[in-house]
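Every number in this text was worked out from the coordinates using simple rules, so none of it is lab data. Given the structure is predicted, the values throughout are model-derived calculations rather than measurements. Using ideal geometry, Cβ is built from the backbone for each residue, glycine included, and neighbour counts are taken over all protein chains shown.
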Amino acid sequence: MTDTPSPIHAGDRLARMRETAPLVHNITNDVSMNFLANVLLAVGASPAMVQANEEVGEFAALADALAINIGTITAPQATAMETAVDAARSADTPWVLDPVALGATAYRRELGSRLVELGPAVIRGNASEILTLAGAHAAGRGVDTGDTVTAAETGADALARHTGAVVAVTGPEDYVTNGVRALRIANGHAMMPRVTAMGCALTGVVAAFVAAGGMPLEDTAAALAGFAVAGEHAGERAAGPGSFAVHFIDALYTLDPATLDAGAHIRADRPRG
Amino acid sequence: MTDTPSPIHAGDRLARMRETAPLVHNITNDVSMNFLANVLLAVGASPAMVQANEEVGEFAALADALAINIGTITAPQATAMETAVDAARSADTPWVLDPVALGATAYRRELGSRLVELGPAVIRGNASEILTLAGAHAAGRGVDTGDTVTAAETGADALARHTGAVVAVTGPEDYVTNGVRALRIANGHAMMPRVTAMGCALTGVVAAFVAAGGMPLEDTAAALAGFAVAGEHAGERAAGPGSFAVHFIDALYTLDPATLDAGAHIRADRPRG
Amino acid sequence: MTDTPSPIHAGDRLARMRETAPLVHNITNDVSMNFLANVLLAVGASPAMVQANEEVGEFAALADALAINIGTITAPQATAMETAVDAARSADTPWVLDPVALGATAYRRELGSRLVELGPAVIRGNASEILTLAGAHAAGRGVDTGDTVTAAETGADALARHTGAVVAVTGPEDYVTNGVRALRIANGHAMMPRVTAMGCALTGVVAAFVAAGGMPLEDTAAALAGFAVAGEHAGERAAGPGSFAVHFIDALYTLDPATLDAGAHIRADRPRG
């Protein structure tokens, strides 16, 4: 992509995450649970799915990070999410929001509006989801985006400034911003959107990387780069999305920091607006 | 099987389905969600799992088809299913019913009886499930059938006439009927029943094919043929049901219309009774 | 390991289980459902996941074994578990308890305390979970153990004597005890803990083996040995945890009794205390 040296060392951040093997508490959708857990184990984190309102607060307080995903939301799960987020905030534990298919229904938009005000460390979504959160009219219909990453950049910057969160818009090229600085990651493989729960799993990986705290923009970019480089490795061997998913888990597991640094295409950019 | 030309062009129907990439709304069981979503993505449709009663109506109205599967039914999910079906009917969106393990409990039989009266475009089940819906005594115990497809044909025809739905009885040879005309599909692989959620995933694929509307008998038969031919391709490479599932997703993804037409064994038949 | 002849014939027990293809009713967590069902199908059992309180009693009474796993417990699911256990007891159907992450929250500890008094045939957990159930202070944090199998043996023996259950502590070497006799199984592969839901799937396999009733200590040990030997076979071919999971399902499916007997390292031991 460029000969400019990478603005961040993704490999170092991967190595540091693995050393601590952060316990990531996920309240997520039923489609992604198994794949997300396997992705987190493969990358070197420790996943846990705990969702009863009676215990999510206690568990969120002892976890290293919390990931919230509204993909197959139900009313009891929404209540548990707010309980868990409150406990995470009290314990100073970073939490990450994945606003799946946010624009699809009024129920989702309202829940998203409430959650986004509760101080996520990172918001990760596709372009349509980020545009909806940012208040712009978005084109997504189901869980897939109807908008390009580029179209969502201004909205992402504004959302980051409004919420204080790092906002990651993922797609063929990812855009990550804290409203002041921005990074672009140009990695990945065309088969990734043909495997379900890829975005959800990525959100969990972002949570694992930001668990250490302190540099959420850089940690998010490193997570996105690691995920996308593993996708490239998987793509070299896959015969279709079934074998892609298998190779992808293997690639995350075998990804070493030096290979990540050699393969990552990360560059700094200026936020808009 | 036969030198008679196929009564339908399954390949054309696959190509048409892929062109529109229908948004299929699934309210399904927790076992199948991930596999079903991956199957729908691989075959070329766009899956979404939305299940809260607060939003299923809104979502079902914007989807292109709705698939209902009672495999791990709970009371809130049953309520959401009826809400979603009502909305689909109002929007003239076809919906498909998968009456998993219908005969196992009184609760399931009652729910199935209610749902079947709500005008599904297609009912897809194994022989025991269709016999139970048709009111005959059936031999299934868990989720597996205890009856042969042949034994369920008369019941399937009667059920089709009573409900106005296309009824698909799937097994080693599939039987699809609208009560007036019937089709048989003689494809598939012996390892398919050894992979969980294969039937549930097939129901989702049927929903994708009938999304366009108009010819549910032919579209259902094309969906069944495409699914079963992909199973044959997977069976050529599999060392067991684990690798079978992986190759199956790849085979659905790479299946082209001409290969489907060359491999599909579909023949017309007369309904019974 | 040893030249002493194995105290049990695991292969015979695998063959007998396959002949009956027991219907295993699972009320389990959302992470493991699909993998558990595929594992049970691969090993030769018939899995069913039925979880509504309205029907679990009726279903548990007709199943051959019941497996209870609290991994992603919710209040309605806890109620359904108790209903199902009551029905299984009335029908003299063996049931197996998997106390996932028992020590993590007060809610889990209370539920575990209630369930353990309801007469499980087998309790299967990692060292931290068994220590928590046994009332000792345990070191597990999320779903992973913080204790060694050896540290949990005395607690396991005491728990077996208190409850009348067979207690299986699984880890690099498994320890199975009924409080009077104990068996050790030294098989398995280092990649097994890197695949999510491996323990949950093992619990389902234990339920399949004890379905026949009569010798729960030996049947549990045979289930553990079969699972772990399949893990060794998978480990020979895997490039990471993604391909491990696929090969593992294939290995369970192709595992024959003679190969199991040749590979199983089972030895008798004396309980502690």
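What gaps in nm, shortest first, separate B:GLU232 from its twins in the other copies when you place the label 7 Å past Cα toward the beta carbon?
Here the equivalent label points are 4.0, 4.0 nm apart from this one.
Report, in whole Å, the centroid distance computed from the Cα atoms of the range B:240-255 and the range B:63-87.
One Cα centre to the other: 28 Å.
Using the 7 Å Cα-to-Cβ label point, sort the distances from A:THR150 to its equivalents in the other copies shortest first and give them in nm to one decimal.
Result, one decimal in nm: 6.3, 6.3.
What is the distance, in nm, between label points placed 7 Å from the Cα along the Cα-to-Cβ direction at C:THR254 and at C:GLU19?
If labels sit at C:THR254 and C:GLU19, their model points lie 2.6 nm apart.
For Cα pairs less than 8 Å apart in space and 6+ apart in sequence, what is the mean separation divided by the residue count of the range B:10-269, i.e. the relative contact order in percent?
Values: 566 pairs, mean separation 54.6, N = 260.
Worked out over the range B:10-269, it gives 21 percent.
If you place +1 on the Cβ of every Lys and Arg, -1 on the Cβ of every Asp and Glu, and leave all else neutral, what size is the dipole of the range B:10-269 about its Cα centre, to the nearest 20 Debye? Please list the in-between numbers first.
Values: 15 positive and 28 negative charges, 74 e Å.
Computed charge dipole of the range B:10-269: roughly 360 debye.
Within 13 Å, Cβ to Cβ, of A:THR220, how many net charges do the neighbouring residues add up to if Lys/Arg are +1 and Asp/Glu are -1?
Values: positive: A:ARG13, A:ARG124, A:ARG181, A:ARG184; negative: A:ASP98, A:ASP174, A:GLU218, A:ASP219.
Around A:THR220, the charge tally is 0.
Given label points at 7 Å from Cα along Cα→Cβ, what nm distances, shortest first, separate A:ALA268 from the same residue in every other copy?
7.2, 7.2
Mind giving me the FRET efficiency for A:ALA75 and B:HIS265? R0 is 45 Å, r the Cβ-Cβ distance, nearest 0.05 is fine.
0.40
What are the ³J(HN,Hα) couplings of the range C:126-135, residue after residue, when phi is run through the Karplus curve with 6.51, -1.76, 1.60 and θ = phi - 60°? Round to Hz, x for glycine and proline.
With the stated coefficients, the range C:126-135 comes to 7, 4, 5, 5, 5, 4, 5, 4, 6, x Hz.
In whole angstrom, note down how far apart the Cα centers of the range C:166-216 and the range A:167-210 are.
After rounding, the separation between the Cα centres reads 39 Å.
Taking R0 as 22 Å, what FRET efficiency do you get between B:SER90 and B:SER113 from their Cβ-Cβ distance, rounded to the nearest 0.05? Walk me through the intermediate numbers first.
Values: r = 22 Å, r/R0 = 1.00.
Here the calculated transfer efficiency is 0.50.
Search the structure for amide H atoms under 5 Å from the amide H of B:ARG141, placed 1.01 Å from N in the peptide plane, and list their residues when 5 or more places away or on another chain.
B:GLY146
Quick one: what are the phi-derived ³J(HN,Hα) couplings along the range A:176-183, Karplus 6.51/-1.76/1.60 with θ = phi - 60°, whole Hz, x for glycine and proline?
Taking θ as phi minus 60°, the curve returns 10, 9, 10, x, 10, 10, 9, 10 Hz for the range A:176-183.
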